[in-house]
1. Gain in length, R67 to Q13, computed as 0.36 nm per residue apart minus the alpha-carbon separation, to one decimal in nm?
2. Between E37 and E51, what is the label-point separation in nm under the 7 Å Cα-to-beta-carbon projection?
Amino acid sequence: MITSERKIPPMCQHQPPCPPAESADRESARLVAHHPEQGWSLLCNGVLLFEDTGELLPDGRIIAPHRPLGADQVMTAA
C-alpha cells in the first residue's frame, strides 16, 4: 500500500518525554531554539512561544498572550 502521507517523527526524543502541545503544561517542554532578539522560542513539543506569552501550536492554533496582571493593573474592592 502506497500513501502520500509522511510520518513526521516527534521532536521530543528524550526521557521522560516533554508534555505534548495539547496539554495545559506544554510550556514546560525543553527549548530547541531560542531567539530573544526576535522574541520567540521553539519548544521540543513543536510549540512556538513568543515573548508576549502568546503561543502558536503545531496544528496552527493560536493561544493569545496570557501575561499575569502586574501590581499596577490589579483591581481591588473599595
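Nothing in this text is a laboratory measurement; each read-out follows from the coordinates by a stated rule. Computed from a predicted model, the values in this text were never measured in an experiment. Cβ sites come from the backbone with ideal geometry, for glycine too, and all protein chains shown count toward neighbours.
1. Between R67 and Q13, full extension yields an extra 16.5 nm.
2. About 1.2 nm separates the two model spin labels.
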